[in-house]
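Enquirer: Before anything else, here's the structure in question.
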């Protein structure tokens with residue numbers, strides 16, 4: 001898939017991204033109809049609303065600031081880590097199935113991963129974990145400072161990747177969306193980047209690193 005589209009949010013430019021990634025960004029709210037886009041062949045940057053198929057249906061005018069805040073958060077994606085991550089543990093449990101400890105350990109690792117869930121909204125990332133006790137960590141997207149798509153060899157064999165987030169959140173300076181299908185991870189990372197920039201622009205947030 002050709003990655004030819006560039007887009008601008010505020011004074012910052014991003015890209016190139018594939019058409020499907022640009023559409024996912026628009027659907028997630030990270031790219032607005034009045035933001036600018038460009039690709040080779042265009043003589044100048046154009047409003048995103050002018051790109052056919054980028055926004056479905058007629059676009060309503062933006063809500064007033066006072067009315068947009070309550071209930072404006074929308075869920076975009078839910079997922080959980082793939083159990084392929086536990087393959088070495090499962091193999092060990094099968095190889096030593098006559099022993100109690102490896103089998104219990106494999107079962108516990110299965111439950112840990114099964115009870116881990118991710119939810120991405122237009123404003124935050126929620127990470128829920130815990131088998132007996134449940135913990136939900138929420139990361140405001142405007143606090144995300146950097147993102148990285150990590151594809152270690154072990155995960156690439158199964159078509160999986162990790163999305164790593166570096167944040168300014170005191171309780172979660174680093175968050176990882178583990179072992180999601182790589183084709184999904186690429187688009188998801190672009191969606192997160194677009195949402196981060198959009199939220200920062202609307203909130204007037206700027207990161208300043210102390211030196």
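Enquirer: Treating the angle as unsigned and between 0 and 90°, give the value, to the nearest 10°, between the Cα long axis of helix 100-114 and the longest Cα principal axis of the chain.
Expert: 10
Enquirer: For a protection proxy built on the mean count of beta-carbon atoms within 10 angstrom, sort 31-43, 99-111 highest first, please.
Expert: Numbers: 31-43: 15.8, 99-111: 13.8.
Peptide ranking by packing, descending: 31-43, 99-111.
Enquirer: Quick one: order 116, 167 by neighbouring beta-carbon count within 10 Å, fewest to most.
Expert: Ordered by Cβ neighbours within 10 Å, fewest first: 116, 167.
Enquirer: Please state, to two decimals, what the Cα-based radius of gyration of region 1-53 comes to when divided by 2.2 N^0.38 Å (N = residues). It would help to have the intermediate numbers written out before the result.
Expert: Numbers: Rg = 9.9 Å, N = 53, 2.2 N^0.38 = 9.9 Å.
Taking N as the residue count of region 1-53, the ratio is 1.00.
Enquirer: Another question about this same structure. Against the longest principal axis of the chain, how steep is helix 182-203, in degrees 0 to 90 to the nearest 10, with axes from Cα atoms?
Expert: On a 0 to 90 degree scale, this one is about 50.
Enquirer: Taking 0.36 nm per intervening residue step and subtracting the Cα-Cα distance, what contour gain separates residue 166 from residue 74 on full extension?
Expert: My answer for the length gained is 30.8 nm.
Enquirer: Angle, helix 19-28 long axis vs. longest principal axis of the chain, Cα atoms, 0 to 90°, nearest 10?
Expert: Approximately 90 degrees, to the nearest ten.
Enquirer: May I have the pair-distance distribution P(r) for the chain, computed from all Cα-Cα distances with 5 Å bins from 0 and rounded to whole percent?
Expert: For the chain, the pair-distance distribution reads 1, 6, 12, 16, 17, 15, 11, 8, 5, 3, 2, 1, 1, 0, 0.
Bear in mind these aren't lab numbers, they're just calculated from the coordinates by the rules spelled out. As the structure is a computational prediction, the values presented were derived from the model and not from experiment. When we count neighbours, we look across all protein chains shown, and the Cβ atoms used for this are built from the backbone with ideal geometry, even at glycine.
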